[in-house]
Amino acid sequence: MDYTLDGDSELEAYGSDTYALLLSGDIEVMNDEGLYRCPFCSDEKDDYNKYDLLQHALGVGAAHDQQVKEKVDHRALAKHLKDDEPAKSHSPLLQPIVIDPQPPQHNRDDLFVWPWMGIIVNMPSEYVGKSANRLKEHFSRFHPVKVHHVYSKGRPTGNAIVEFGKDLVGFRNALAFESQFEKEGYGKVGWQEKEHGGPEPFGWIARADDYNAPGAIGDFLIKNGDLKTADGIEDEETMKNNKLVASLSCKVIETDMHIRALKSQYQERTVSLKRMMEQREQQLQSYNQEIQKMQQLSVEHTKTIVDENKKLRLDLQYMTHELDARSKQIDELAAQTDCDRRNLELEKQRNAMKFSHLTLAEQEYQKADENVLKLVEQHKREKETALNNIKKLNEKLHLTHKLQLDIKHLTGKLEVIKLTPGNETSESGKRIAELTEELRDKIEEMDYTENYNQDLIVQEKKTAVELQEARKLAIDAIQRFPGQTNDQADIGIKMIVMLLVVHIFVQEVIREDDKKLQELKEEYGDEAYAAVTTALTELNEHSSSGSRVPFPEMWNYKEGRKAKTKEIVQHVIKLAKASKKGR
């Protein structure tokens with residue numbers, strides 16, 4: 001094949017060097033799987049058969065749009081592929097290989113070199129010392145694993161060893177390899193009959209006599225293999241498989257029992273979760289109904305206060321107009337007599353004073369009205385804030401319980417998937433990874449929910465303190481109104497205080513069998529005993545700090561309990577009206 005382009009001798013030399021590298025095997029064309037690949041196309045990822053690769057090399061070598069170096073390399077590749085085609089010869093190493101579908105039989109006790117190996121002797125000179133890939137490529141239909149040249153004192157002997165693996169499939173390939181040579185009379189018997197002479201190569205499967213024979217081949221076999229029977233290898237594999245099957249069967253039974261237990265737990269947790277969800281729906285429905293009811297009452301109460309304020313304002317305007325009319329009448333009568341004039345002047349002064357008082361009362365009433373409205377709005381906001389905090393806290397607590405159940409559910413489900421047989425596929429691994437990630441997200445969400453619940457609890461305590469301070473301010477304001485200690489009023493201030501004899505009882509819990517209480521009952525009677533126990537109970541119930549010091553508290557005397565904030569506001573409005581009328 002001509003490598004020159006326009007008579008360039010350097011390109012001719014370059015093409016010869018490339019061809020020499022291909023011929024020696026330094027540039028590989030065939031991979032371990034027996035497929036061909038172009039060594040000069042770096043971006044080429046497709047595998048070829050030999051004919052397709054030859055057509056590829058010829059096409060690139062004849063193209064006009066390729067660089068000179070690429071064309072020379074592909075022409076050298078085409079020449080190598082053409083020259084590598086087996087010439088017509090009686091040598092089995094140079095003839096096309098046809099695999100016998102029925103490999104020859106062997107005796108049960110025959111010893112072979114394991115891993116299974118084939119021996120090639122008297123190779124043609126073009127294969128001696130060259131790349132072993134050429135031999136591997138030639139015998140690719142027998143699926144060899146490796147091919148080794150045999151050396152003696154560092155020099156090639158013209159012999160080679162072909163490895164076929166360790167399993168029974170490799171043993172069958174080795175027998176087919178031997179059958180191919182024996183079919184043409186170039187097996188081990190033919191080699192011995194011709195007394196190790198002739199131009200043709202011979203080949204056979206390595207046995208015990210080759211293993212124990214002196215020389216380079218025997219040394220190689222001893223170094224790289226052992227003697228075993230094919231049936232022994234088959235029995236060993238059968239025994240290993242039987243043990244593996246028995247072990248897997250036991251493991252499958254154990255796994256199945258564990259999976260059943262997990263399924264039972266899963267069903268129990270599912271029923272528990274369903275029951276919890278139903279209870280939560282009922283609680284939520286009841287909560288919503290109570291919120292609606294409270295909102296409706298709050299709206300009605302606010303409307304009542306506004307209506308009463310409008311009515312009082314109209315009454316005040318009416319009285320102002322009436323005073324103006326009387327003042328005009330007095331001015332008309334002033335001209336009648338001097339005596340009447342003086343009396344009228346005095347009356348006019350008294351009316352002016354009353355008018356001034358009414359004006360001041362109206363201003364005070366407006367201030368009280370504004371304060372009451374602010375107190376109502378503040379109470380409304382604080383109540384809504386407390387209710388919202390309680391609602392959020394309940395929802396977060398429910399969410400926490402739900403997250404705990406979800407975490408247990410995902411943990412059980414992940415354990416079921418891991419223990420289920422056949423979960424070694426990439427899809428199952430991906431599913432396990434997704435469940436693991438979801439489980440991690442649930443745990444992080446539960447940690448966030450718990451932190452948020454603590455914030456809500458702190459906020460709720462803060463709101464309770466603010467409500468208690470508002471009650472104290474209301475009590476201080478009520479104490480300034482005259483007549484707030486009326487015994488006939490339903491709402492009033494009560495001192496939560498012990499009787500004079502109570503200071504001797506320091507225990508937190510009232511016991512009926514207490515010795516001192518029994519002595520008090522015997523000495524002073526049932527009324528004194530009831531007064532002492534009632535006072536101690538009230539002090540324990542309504543003292544937030546646990547102190548025994550008496551303190552004031554708004555009390556609903558009609559129902560015998562602590563007054564609600566709404567009742568306190570209504571009482572403040574009532575006292576403000578009474579104070580205005582008194583003025």
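Observations
- Segment L360-K153, length gained on full extension (0.36 nm per residue, minus Cα span): 61.4 nm
- Remark: segment 173-181, residue by residue, has Karplus-estimated 3J(HN,Hα) of 4, 5, 5, 5, 4, 5, 4, 4, 6 Hz, where x stands for each Gly or Pro and the curve is 6.51 cos²θ - 1.76 cosθ + 1.60 at θ = phi - 60°.
- Using the Cβ-Cβ distance between D26 and D209 with R0 set to 30 Å, the FRET efficiency works out to roughly 0.25.
- Taking a straight line from the alpha carbon of K274, these lysines sit under 27 Å away, with near neighbours fewer than eight places off in the same chain left out: K263, K391, K392, K396, K402, K408, K413, K418, K442.
- Taken over segment 263-333, the ratio of Cα radius of gyration to 2.2 N^0.38 Å equals 2.77.
- Under 19 Å from K228, Cα to Cα: lysines that are on another chain or at least 8 residues apart: K166, K240
- In this structure, C339 and D476 have a Cβ-Cβ separation that, at R0 = 56 Å, corresponds to a calculated FRET efficiency of about 0.60.
- Working note: Karplus 6.51/-1.76/1.60 with θ = phi - 60° gives segment 121-138 the couplings 10, 6, 5, x, 5, 5, 9, 6, x, 8, 5, 5, 5, 5, 5, 4, 5, 5 Hz, where Gly and Pro are set to x.
- Potential lengthening between D17 and Q349 on full extension [0.36 nm per residue; Cα-Cα distance subtracted]: 105.8 nm
- Solvent exposure of segment 120-249 as accessible area per residue, Å², 1.4 Å probe: 52
- Estimated at 0.36 nm per residue, the fully extended path between D219 and K408 surpasses their Cα-Cα distance by 61.6 nm.
- Computed E for Q283/Y452 - FRET, C-beta separation, R0 22 angstrom, nearest 0.05: 0.65
- GluC sites (Glu not before Pro) restricted to segment 180-250 and DSSP loop, no more than 13 other C-beta within 10 Å: E195
- Protein accessible area in segment 219-328, 1.4 Å probe - carbon and sulfur %: 54
- Shape category assigned to segment 188-273 from the gyration tensor of Cα positions, a/c cut at 1.5: prolate
- Between amide H atoms placed 1.01 Å from N, distances below 5 Å from K562 occur with N556, all of them 5 or more places distant or on a separate chain.
The values are calculated or read from the model by the stated rules, or taken from the named source; none is laboratory data. On a predicted model such as this, the values are computed, not experimentally measured, just so you know. Cβ atoms come from the backbone with ideal geometry, glycine included; neighbour counts cover every protein chain shown. These area figures cover heavy atoms from the full protein model, side chains too; ligands, DNA and RNA do not enter into them. Shrake-Rupley method; radii C 1.70, N 1.55, O 1.52, S 1.80 Å.
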